[in-house]
Each structure stands twice: as C-alpha cells, then as structure tokens.
Amino acid sequence: MTNTDHIEKQILLRAPRARVWRALTDAAEFGRWFQVVLETGFAVGKRTTGKITVPGYEHVTFEATVERMDHERLFSFRWHPYAVEPGVDYSKEPTTLVEFRLEDQRGGTLLTVVESGFDRIPVQRRALAFRMNSGGWDAQAENIRRHVES
Amino acid sequence: MSRAKAFASPQARRAAPLFAALGDETRLLLVARLSANGPESITALSEGSDVTRQAVTKHLGVLARAGLARGQSRGRERIWQLEPGRLSEAREYLDQISRQWDVALDRLRTFLENEPR
C-alpha cells in the first residue's frame, strides 16, 4: 500500500513463450496490441519512436530506449510515464523502467510486467494525474461531504 | 492544455504538497510503519532506528501539514496515526498507470488469442 515506486502486473497468456516474445519485441506486433505505430524496430541501446493510436491520445509520441533483450526471458525499456501533455518536453526528466519477464507455466506463459522508478518522477508530473482523473475527485468530494455532514 | 493551466488547477495545487511530503525516505518509512502497526507514540516510532525523537517529530509535522497523519494527545504522550483518505489520493497516479497496463495487457491477450501463430 505504501509502495509508490513501482507497479507490478502478472498475466497468464495461453501461448508459448516464443509467441509471446514475438508479440512483445516485434515492432509491428507490439504496435498492434499496444496501439502504436512504431517507426523503427526494438534493439538494445537504441531509441524507438512512434505515434500512439489510442483514441484521445493520438497527440502522444511513444518513445522508448531498450535496455535488455534476453531472448524469450526479459525485454526491458525506459520511457517517460504518462507523458500525455501536449507541448511538454519530457526529455530532461527521469524515466521509469518497464520490464517484461516471461516464464513457462502450465497452459502457457506467465508474463510479469514491472514498471519502476516512479519515486524519481517530478512531483508536478505525479500531481497531474489527479487533474486527469476527475472520477477520483468526485469520490473525494463525496467523502468530504459525508465527513462534514456526519 | 498548457502547462500553466495544469499548475493552476486546484487538484494539482492540492496534490503537490502531498507528494512532496512523501518524497523523503524517513517519512515514507514512518508512513509504512504507521500503516503496518497502527497508531504509535513518537517514542515507539523512534525506537530501534537511527532517527532521533526530534527528527521523528519534525517529519510527523510535515506529514500532518500535508494531511497524511494526525497526532492526538494521550496523557503525556502524543499518539500518531495515518489519515487513510489522503494516502489513497497519493496512490491515484499509480492506480491510473496501473489501469492503463491492465488495458494494454488485456489487448495483448486478445491479440494472442486471435493470432495464435
């Protein structure tokens, strides 16, 4: 509950490890599910850029620098998280590390995604997410209302 | 939306001190400790750590001003506890990114099911 530095996700995918690896590291395949059109392929130490195609986020540029590609085991890159604001230069700011870990599991492949380094992200960037999420604030307003009315 | 507007928003103005208060190792440890153990006195909180009572008091003051913790007098001691509502706001940023990963991984699963080869 108090860890503000990383996010971890796990999903069991009903596909062999080689298939999942291709969906993650082949630029065209990655683009299909991540909803991005990449201009170049992924390569260790290289920057890959592209255009996000998620409705409402078409102004966003995808930009990642690959750290590791351990065949069918680990794929990782660095990027700027939630870099959605138009006209903001994120390039001088700290990045987060996204790691995709692949393991064999009965019935398919266990994929673990860890994004870490959020504690180094500037305070105002993290605060921005609040503005983007009015739902959370409606709930908060309701909490305050209940608090003052009780 | 412009950067200036983002800063001018009441939400960002309200949230920034919250993250500033959490952006310190000792204060994060205090939050973790209060979260795990429930309300505790300053004496208990400074026991078994390198941090002095004075420093703990100072850090708790910062957390209190950010609305993250509150102290109540009990006899001669002050007992500190977390304000859980405020802490959940700090989680909101990660929750939002977390939800985006959920959506992305769900699309990956669908993609692999539709194109198994």
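On the stretch given as the range A:36-65, residues that are of a type outside the set (Asp, Glu), out of contact with any helix residue (DSSP H, G or I) (no Cβ under 9 Å at 6 or more places or on another chain) and modelled with pLDDT of 90 or more total 9. Of all the listed residues (B:Arg27, B:Arg117, B:Arg109, B:Arg86), the sole one being closer than 28 Å to A:Leu102 by Cβ, of a type in the set (Lys, Arg) and in a helix (DSSP H, G or I) is B:Arg109.
Could you please find all residues in the range B:22-57 being charged (D, E, K, R) and without any contact (Cβ under 8 Å) to a residue 24 or more places away in the chain? Steps first, please.
Initially, the range B:22-57 is screened for residues charged (D, E, K, R), giving B:24-25, B:27, B:33, B:40, B:47, B:50, B:53.
Selection gives B:Glu25, B:Arg33, B:Glu47, B:Asp50, B:Arg53.
Entry remark, the range B:68-105: residues being among the small types (Gly, Ala, Ser) and touching a residue at least 40 places away in the same chain (Cβ under 8 Å) number 1 in total. Looking across the range A:32-45, the residues that are within 30 Å of A:Asp119 (Cβ to Cβ) and not polar (S, T, N, Q) come down to A:Trp33, A:Phe34, A:Val36, A:Leu38, A:Phe42, A:Ala43, A:Val44, A:Gly45.
Only one entry of A:Leu97, A:Leu110 meets the criterion of being without any contact (Cβ under 8 Å) to a residue 40 or more places away in the chain and in a strand (DSSP E or B), and that entry is A:Leu97.
Checked against (1) within 11 Å of chain A (Cβ to nearest Cβ); (2) without any contact (Cβ under 8 Å) to a residue 40 or more places away in the chain, B:Leu60 meets all criteria but (1). I'm trying to understand the selection: among the residues of the range A:68-84, which are at negative phi and touching a Leu at 6+ places or on another chain (Cβ under 7 Å)? Scanning the range A:68-84 gives A:Arg68, A:Arg73, A:Phe75, A:Ser76, A:Arg78.
Criterion applied to A:Trp79, A:Trp33 was being closer than 18 Å to B:Tyr93 by Cα, within 12 Å of another protein chain (Cβ to nearest Cβ) and modelled with pLDDT of 90 or more, and the one residue passing it is A:Trp79.
Any idea which residue in the range A:97-143 is modelled with the lowest pLDDT, counting only those that are among the aliphatic types (A, V, I, L, M) and touching a Gly at 6+ places or on another chain (Cβ under 7 Å)?
Step one: of the range A:97-143, the residues among the aliphatic types (A, V, I, L, M) are A:97-98, A:102, A:110-111, A:113-114, A:121, A:123, A:127-129, A:132, A:139, A:141.
Narrowing further to those that are touching a Gly at 6+ places or on another chain (Cβ under 7 Å): A:97, A:123.
Numbers: A:Leu97: 94, A:Val123: 67.
In this case the residue turns out to be A:Val123.
Go through the range A:1-65 and tell me which strands (runs of 3 or more DSSP E), entirely inside it, have 2 or more residues that are among the hydrophobic types (A, V, I, L, M, F, W, C).
Values: elements: A:6-13, A:36-38, A:47-52.
Once the strands (runs of 3 or more DSSP E) in the range A:1-65 are filtered for at least 2 residues that are among the hydrophobic types (A, V, I, L, M, F, W, C), what remains is A:6-13, A:36-38.
Checking each residue in the range B:70-103 for being crowded, with 18+ Cβ neighbours inside 10 Å, small (Gly, Ala, Ser) and within 12 Å of another protein chain (Cβ to nearest Cβ) picks out only B:Ala90.
The values are calculated or read from the model by the stated rules, or taken from the named source; none is laboratory data. Being a predicted model, the structure only gives us computed values, none of them experimental. A quick note on method: Cβ atoms are made from the backbone with ideal geometry, for glycine too, and the neighbour counts reach across all protein chains shown.
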